[in-house]
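Working notes, structure below.
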There are 2 protein chains.
Amino acid sequence: MPSIDEFGLIARLFAPLARGHAGAQGLQDDCATIDGPGGMDWAISTDALVAGVHFLPDDPPDLIARKLVRVNLSDLASSGARPRFLLLSCCFPRAMTADWLEGFAAGLAADCRGFGLALIGGDTVATPGPLTLAATALGEVPSGQALLRGHARPGDDVWVSGTIGDAAFGLEVALGQAPDQSDLLERYRLPRPRLELGVALRGLAHACMDVSDGLVADLGQIAAASHLHAEIRAAEVPLSAAVRARLGGGGLERAVTGGDDYELLFTAPPERREALAALGRRLDLRLTRIGRMMPAGDLRPPVRLLDGQGTALALRRPGYRHF
Amino acid sequence: MPSIDEFGLIARLFAPLARGHAGAQGLQDDCATIDGPGGMDWAISTDALVAGVHFLPDDPPDLIARKLVRVNLSDLASSGARPRFLLLSCCFPRAMTADWLEGFAAGLAADCRGFGLALIGGDTVATPGPLTLAATALGEVPSGQALLRGHARPGDDVWVSGTIGDAAFGLEVALGQAPDQSDLLERYRLPRPRLELGVALRGLAHACMDVSDGLVADLGQIAAASHLHAEIRAAEVPLSAAVRARLGGGGLERAVTGGDDYELLFTAPPERREALAALGRRLDLRLTRIGRMMPAGDLRPPVRLLDGQGTALALRRPGYRHF
């Protein structure tokens with residue numbers, strides 16, 4: 001019996017149900033698009049978080065709410081959409097206290113205000129299991145301009161925003177496996193969706209997605225959707241000082257295969273390097289060229305991480321496995 | 001410390017976050033609306049199902065998928081919207097088998113085909129808890145014509161489609177607490193969203209919602225949203241022969257307070273009686289006038305169930321309580 005995995009069986013079973021709508025992108029993108037009013041599309045995405053899997057049960061409730069909002073907004077960012085609406089599906093254990101709920105609502109309120117979102121619907125049910133949350137986010141994007149994973153072209157540079165790996169090490173802090181370090185912990189608990197960057201990348205980037213399952217795994221998604229191969233130069237992967245300090249003992253692998261970065265990973269032709277450098281300065285956001293896309297050929301795996309000598313580094317796994 | 005309940009604390013905490021968008025209806029309707037293309041609105045709704053709460057863990061997987069689709073479509077029906085798109089959020093226990101998943105996908109495929117739905121997105125994650133599913137459904141409705149709970153007027157008749165209580169007794173069959181009876185069991189496992197009725201009620205009904213938490217509780221939602229009071233004549237509540245046979249020992253109370261009917265409950269002025277009778281004949285669907293709306297006055301509770309002498313029957317609880 002085949003094992004259940006997000007990118008295999010489930011994709012094969014569900015993808016045919018998307019055939020009726022081109023904007024579903026065969027379920028291979030973070031957002032689908034549907035027609036909106038007056039030359040706009042609605043970009044729409046849904047993401048679920050489970051206590052003990054995507055956050056720790058004793059994380060502060062306001063931060064859980066904000067993480068839920070932000071992982072969904074990160075999907076909108078990767079499509080170049082501006083956030084507008086949110087729907088929530090909350091499965092609360094019966095033991096949840098009013099204090100906890102008030103904290104959760106306060107976090108939700110803060111991020112709705114901060115990101116200009118209206119909560120327009122939801123469902124609240126009781127669960128005998130762990131706290132389980134799902135959100136659907138809707139954003140607006142000019143018709144046909146949503147950024148997609150599958151539009152990378154051979155010769156494109158591969159770019160990534162911010163720094164990679166902080167959240168993976170932040171999880172270790174949250175679990176008490178590493179010394180307390182608030183900047184890493186915050187990157188794990190409170191992702192910063194790169195919404196302004198996403199909007200600005202419309203017309204500049206060819207392909208775009210957000211890094212949620214790990215840099216290497218997610219670049220593999222762009223490569224697969226674009227029928228290309230990708231190379232990353234390990235030395236170019238942008239790392240924070242905090243992560244750089246932990247580079248020994250498999251640290252680089254942890255950084256490039258750990259999840260929860262919520263940075264944007266995108267490709268663009270070399271003639272856009274100047275424009276992208278200027279964009280990074282304007283947004284005060286580090287944008288780093290880390291590799292390139294090339295014809296798929298016979299190279300395996302679809303993404304190779306190269307050391308200074310151009311040798312592919314072996315990785316135990318490319319990213320977070322859901323199953 | 002106050003207890004957590006869907007209609008109290010959570011509503012109070014979340015409703016302010018909806019203020020930025022009139023189409024959110026203050027989170028008091030089953031669907032919100034957002035602008036669509038060319039004179040249309042998108043009606044959008046989200047509903048979650050948890051194993052052991054909303055279905056039984058050993059229910060057939062195709063029926064679980066179809067129930068998930070249908071409870072969401074029932075929300076669209078109650079708004080008078082035609083279904084178009086679906087997004088899924090699936091939290092699967094790791095022990096799920098490929099056979100189970102294939103059954104689930106087959107049920108999903110059957111209902112996507114049957115209702116003209118395209119699956120346009122979703123998220124699949126692992127959970128250490130029970131199978132937990134959420135869906136977001138989008139349907140189209142002419143701008144500003146979505147049916148709402150809060151539009152009932154004094155003097156309106158109260159109508160309901162189909163028969164009430166079958167699903168509540170079907171749950172007893174599913175639990176092995178009652179003799180096997182396939183028609184009741186099917187009503188519990190496989191709701192029939194009243195989509196054609198919903199579309200036809202645009203322009204005929206004043207207020208509309210679907211019956212999911214129990215007839216009395218849900219009419220209470222219409223009454224509260226409309227700032228009115230409602231009366232139901234117990235003898236008029238439409239019951240199937242199977243439910244009628246079980247009327248002894250609190251059977252009527254079970255029928256009018258049990259959940260999962262997924263019939264439409266609506267109000268309309270008396271001058272529409274002829275038109276509604278004709279509509280019922282055209283759709284080959286029983287439409288029954290069961291009561292009326294009146295000014296709120298000082299009457300408590302907001303919905304009264306009257307016996308043949310006009311005396312209010314006492315109910316232990318008006319409907320399903322989530323918490």
As an exercise, use a Förster radius of 60 Å and the Cβ-Cβ distance of A:D183 and B:R233 to find the FRET efficiency, rounded to the nearest 0.05. 0.35
Subtracting the Cα-Cα distance from 0.36 nm times the residue separation, let me have the gained length for B:L313 to B:R281 in nm, one decimal. 8.3 nm
Return the average number of partner chain Cβ atoms within 10 angstrom of each residue Cβ along peptide B:43-52. 6
Any number yet on Rg/Rh for the range B:31-142, C-alpha, Kirkwood? 1.00
Sequence ranges A:68-81, B:207-220, A:172-185, B:54-67, ranked by mean other-Cβ count within 10 angstrom, highest first: A:68-81, B:207-220, B:54-67, A:172-185
For chain B, inverting the pair-averaged 1/r of distinct alpha-carbon atoms gives a Kirkwood value in Å of 20.2
Under Stokes-Einstein, the protein assembly as shown at 25 °C and 0.890 mPa s, with its Kirkwood radius over C-alpha pairs, diffuses with a coefficient in µm²/s of 95
Taking R0 as 41 Å, what FRET efficiency do you get between B:E196 and A:E196 from their Cβ-Cβ distance, rounded to the nearest 0.05? 0.35
Quickly estimate the mean residue ellipticity at 222 nm for chain A, helices only: each DSSP H run with n ≥ 4 gives -39500 (n - 2.57), and the total goes over all residues, rounded to 500. -9000 deg cm²/dmol
Average partner chain C-beta neighbours within 10 Å, per residue of B:129-142? 5
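Check each of the trypsin sites (Lys or Arg not before Pro) in the range B:152-254 and keep only those in coil by DSSP with at most 16 other C-beta atoms within 10 angstrom; list them in order.
For trypsin sites (Lys or Arg not before Pro) across the range B:152-254 that sit outside H, G, I, E and B with at most 16 neighbouring Cβ atoms in 10 Å, the list reads B:R202.
Return a whole-number percent for the relative contact order of chain A, with Cα pairs under 8 Å and 6 or more residues apart as the contact set.
Averaging sequence separation for qualifying contacts and normalising by length gives 22 percent for chain A.
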Report the Stokes-Einstein translational diffusion coefficient (µm² s⁻¹, integer) for the range B:162-213, Rh taken as the Kirkwood radius over Cα pairs, at 25 °C with viscosity 0.890 mPa s. 198
Once the Cα gyration tensor of the range A:197-256 is diagonalised, semi-axes √(5λ) in Å: 25, 15, 10
When 1/r is averaged over all different Cα pairs and the result inverted, which Kirkwood radius in Å belongs to the range A:230-323? 15.0
Considering every residue in A:99-111, what mean count of other chain Cβ atoms within 10 Å of its Cβ is obtained? 2
Search the structure for amide H atoms under 5 Å from the amide H of B:H206, placed 1.01 Å from N in the peptide plane, and list their residues when 5 or more places away or on another chain. B:T267, B:A268
Which percentage, to the nearest 5, of the DSSP beta bridges contained in the range A:31-142 is antiparallel? 70
Beta carbons within 10 angstrom, averaged per residue: use that to sort the peptides A:107-117, B:302-312, highest first. A:107-117, B:302-312
at A:D183 the sorted inter-copy label distances (label 7 Å from Cα on Cβ side), in nanometres, are 7.0
Hey, what did the range B:36-165 get for relative contact order, percent, Cα under 8 Å, at least 6 apart? 41
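Indicate the gyration tensor shape class of the range A:119-228 (rounded, prolate or oblate), computed on the Cα atoms with a ≥ b ≥ c the square roots of the eigenvalues: a/c under 1.5 is rounded; otherwise a/b larger than b/c is prolate and the rest oblate.
oblate
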If you take the alpha carbon radius of gyration of the range A:149-306 and divide it by 2.2 N^0.38 Å, what ratio comes out, to two decimals? 1.01
Take the alpha-carbon positions of the range B:132-177, form their convex hull, and give its projected area averaged over all directions (one quarter of the hull surface) in nm². 6.5
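With all pairs of different alpha carbon atoms counted, what Kirkwood hydrodynamic radius in Å does the range A:54-109 show? Please report the intermediate quantities before stating the final value.
Numbers: mean 1/r = 0.0812 Å⁻¹.
That comes to 12.3 Å for the range A:54-109.
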Residue and distance (whole Å) for the chain A Cβ nearest the axis that superposes A on B: A:G129, 1
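Every number here is computed from the coordinates shown, using simple stated rules; none is lab data. Bear in mind that the values here come from a model prediction, so they are computed numbers and not experimental data. Please note: Cβ atoms are built from the backbone with ideal geometry, for glycine as well, and neighbour counts cover all protein chains shown.
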